[in-house]
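Below is one structure, written out as structure tokens; comments come after it.
The values are calculated or read from the model by the stated rules, or taken from the named source; none is laboratory data. Predicted model, so just to flag it, every value in this text is computed and none were measured. For neighbour counting, all protein chains shown are included, and Cβ atoms are generated from backbone atoms with ideal geometry for every residue, glycine included. For the accessible areas, the whole protein counts, side chains as well, though only heavy atoms, and no ligand, DNA or RNA atoms are used. Shrake-Rupley method; radii C 1.70, N 1.55, O 1.52, S 1.80 Å.
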Amino acid sequence: MPKSDRFIVLASLIAAFGLASCGSGTNSSSETPVVSTSESLASSEAGESLPFDELPSEASGNVSDAFPNISPITSKLDMEPTSVYLPSTKEEINGIDSLSRLPDVVILNIDDKINIIDSEGAVVSDFAAYFNEKLADKVIPAVRIDTLELLYQYLSYIRGTLYVADSYIVSSNLEVLLQASKDPLASRCSLAYDATAAKLENDDDYYLIEAASTAVNAQVVILDENNANLREAVEWFNARFKCPWVKASDGTIGRAILSGAYGVMTNDVETFYSSIQNFPIDGTTRKPFLAAHRGLTTYGIYNENSLPAITDAYMFGATHVEIDLQITKDNVVVVCHDDSPAYFSDEVPSTSVRFIDNNWDDLKDYNLTDNGVSVGNKVPTLEEALTALKGTPTIAMLEMKIDWCSDKALAKEPLKIVEEIVRKTGMEKQVLGITYYPPFAQQAREASPWMPIATIGYGPSYNLEYVSSEDPQGAINYFHKYQWALDYSSAGTLYSNADDFVARGFTINSYTFNDLTHFKSPINIATTNKAEDASNCVAELNPETYLTVDNAAEIPASSTIKATTYSHNSKDVTANLTIIEGNVETDPYLTATYSYTDSRSGKGIYSEPVTIANLALGASATDETEYKEKPGIELPGILQSAVYGA
């Protein structure tokens with residue numbers, strides 16, 4: 001294929017998914033400037049052509065089945081962040097096995113010969129030799145690739161020399177991640193989008209990064225600790241099935257841990273190991289999210305999946321509301337658990353009356369009935385539900401059951417209608433997609449490449465490829481293919497490998513519980529039929545984040561601070577103060593946290609980072625932290641279309 005034709009194929013692929021480059025042509029671990037797709041493509045066209053289409057689909061060289069099992073550090077945290085080592089010098093790279101304990105992941109720079117290089121570009125080792133000697137069955141390797149040219153060299157290498165399926169590709173260049181996500185071998189690797197050079201000032205910035213990373217199947221998003229809104233940004237990504245990592249350095253590791261990140265990336269892993277063991281109670285650094293299953297389901301007050309049940313969920317503390325989608329004969333997307341309104345209305349004559357067989361005008365006036373009780377609620381449309389949620393912080397989890405009507409309508413068409421409704425209501429920032437049917441998740445991703453979509457269910461043996469529930473390595477391969485979210489309530493023995501899944505970029509969620517048992521477990525989103533039971537549980541602690549003391553002796557052991565419940569009420573609690581990072585005798589600034597065990601849920605909660613400023617050691621009486629200004633991502637037209645709509 002001529003160079004120009006190959007380039008048109010690549011450009012068309014990128015345009016089809018609406019993706020842009022956010023990386024430069026360098027391949028170092030330092031921050032990289034943001035460039036547009038047009039600039040990157042122009043650079044590629046000027047050099048050698050990239051014959052991605054000529055790569056074989058199978059590996060002919062050595063294939064590593066190494067699968068490192070991730071072992072917790074045995075701290076008090078109920079889900080420890082993944083330890084991600086970022087060595088830069090030859091000594092640090094070669095000395096990985098002299099650390100007090102091996103990291104979970106190591107990020108390595110490579111050259112076009114697939115040699116491991118240091119931050120100055122000097123060759124340290126052949127990749128295969130280094131992997132076999134120091135990493136195999138012990139550490140997950142992550143290769144840093146920021147140019148299409150280097151990606152092509154790496155893809156050739158994994159076909160002809162060594163293919164490590166259990167690995168990461170890390171890039172600040174979305175074109176690289178896009179191509180990797182489409183490659184039959186590289187797509188089995190975990191993908192991480194390095195957004196450390198990007199601005200994180202508000203939800204517009206968060207959404208842009210979330211949507212772009214989702215479109216290239218990057219489950220991990222890497223953020224820089226030098227950001228005033230770090231904890232808020234981490235919470236944004238956690239709430240949307242992402243595994244955020246935070247890049248940290250000496251003095252900011254405690255802050256990175258307390259951000260609630262699922263991974264901490266640093267070249268000082270020894271400080272990370274010591275800091276992680278300073279937490280005094282069993283608990284979490286991240287706020288568990290609470291999803292109301294079918295909205296509020298209090299019989300006699302709400303009919304499930306009704307408009308009041310959906311909109312009032314926020315009042316009772318739900319951060320998310322899970323609703324089920326069906327479609328009518330005349331293409332109206334409605335909210336109902338089953339494919340027939342007869343299951344939820346005594347007025348419908350038969351379960352054979354299906355949404356897909358009837359026009360909406362013929363069904364919309366039926367009253368919903370739960371267990372023989374109706375409060376006058378009716379089946380809402382998706383547009384009505386999203387319009388009602390607009391203006392609240394509630395995230396709508398759309399369970400796409402419109403696959404049930406695939407005998408009467410092509411799934412892709414209803415999915416396009418869902419996309420149009422989300423755009424029309426302006427709810428792009430507040431929707432997630434879930435489904436029990438893996439191929440449908442793939443179709444949904446094609447229709448809405450920006451929307452986080454996960455396959456849920458009863459473990460990776462459900463529906464398609466059979467994988468034993470005791471085979472975490474097989475499960476990881478399945479997760480990569482279908483972006484599966486581990487279902488705590490039905491995953492059986494897989495849950496004992498939760499650290500393995502989180503280390504590969506997959507969150508832990510629960511579908512569905514009726515008491516607070518699962519809510520106390522180390523999960524990300526807890527979907528419940530009893531959201532109101534958790535409404536008075538403490539969701540987060542709200543202390544003053546800059547505490548000055550005249551000397552170390554004045555550091556309090558505990559204080560009365562503000563706390564917020566899931567139902568948005570404020571209350572005073574007595575919380576203990578613990579230093580996470582820093583030396584009391586020598587450091588003017590210490591990183592600390594307040595901890596509190598909620599009596600209702602039994603869950604231990606840690607506050608956001610608290611800086612203790614010791615005036616006797618020269619600390620400032622006011623917070624003078626300076627944060628670097630970072631550029632926003634300048635989107636070319638093709639990415640604007642994918643993220644913001646036509």
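Keeping every protein chain present and rolling a 1.4 Å probe, give me the accessible area per residue for region 221-280 in Å².
Spelled out: the 1.4 Å probe surface of region 221-280, per residue, equals 23 Å².
Using heavy-atom solvent-accessible surface (probe 1.4 Å) with all chains present, what is the largest-first order of LEU290, LEU307?
From most exposed to least exposed: LEU307, LEU290.
Accessible area, 1.4 Å probe, largest first: how do SER607, SER88, SER558 sort?
Working: SER607 0, SER88 30, SER558 55 Å².
Output order, biggest surface exposure first: SER558, SER88, SER607.
Can you tell me how much longer the chain between GLU544 and GLU624 gets when fully stretched, taken as 0.36 nm per residue apart minus their C-alpha distance, in nm with one decimal?
On the way: separation 80, 0.36 × 80 = 28.80 nm, distance 1.50 nm.
Fully extending the segment from GLU544 to GLU624 adds 27.3 nm.
Whole number please: convex hull volume per residue, Cα atoms of region 113-265, in Å³.
Spelled out: Cα convex hull of region 113-265, divided by residues, is 122 Å³.
At a 1.4 Å probe radius, which order do TYR85, TYR589 fall into by accessible area, largest first? Before the final figure, lay out the partial values.
Numbers: TYR85 10, TYR589 100 Å².
Output order, biggest surface exposure first: TYR589, TYR85.
At a 1.4 Å probe radius, carbon and sulfur cover how many percent of the accessible area of region 262-333?
Here it works out to 50 percent.
With N set to the number of residues, divide the alpha-carbon radius of gyration of region 103-192 by 2.2 N^0.38 Å and report two decimals.
On the way: Rg = 11.9 Å, N = 90, 2.2 N^0.38 = 12.2 Å.
Compactness ratio reported: 0.98.
Identify the trypsin sites (Lys or Arg not before Pro) of region 113-179 meeting these criteria: DSSP loop state and at most 12 other C-beta atoms within 10 Å of the C-beta.
LYS113
Can you list residues whose amide H is under 5 Å from GLU540's amide H, if they're 5+ apart or on another chain and H is modeled 1.01 Å from N?
THR564
For region 488-617, what is the accessible area per residue in Å², given a 1.4 Å probe and the full set of protein chains?
Result: 38 Å² per residue.
In nm, what is the difference between 0.36 nm times the number of residues separating THR392 and ARG423 and their Cα-Cα distance?
Stretched fully, the THR392-ARG423 segment lengthens by 9.5 nm.
Around VAL124, which amide H atoms from residues at least 5 apart in sequence, or from another chain, sit under 5 Å from its own amide H, with H modelled in the peptide plane?
ILE116, ILE117, ASP118
Give me the percent of accessible area attributable to carbon and sulfur for region 125-190, probe 1.4 angstrom.
The C+S portion of the solvent-accessible surface of region 125-190 is 45 percent.
Quick check: Cα centre of region 121-173 to Cα centre of region 346-387, how many Å?
One Cα centre to the other: 54 Å.
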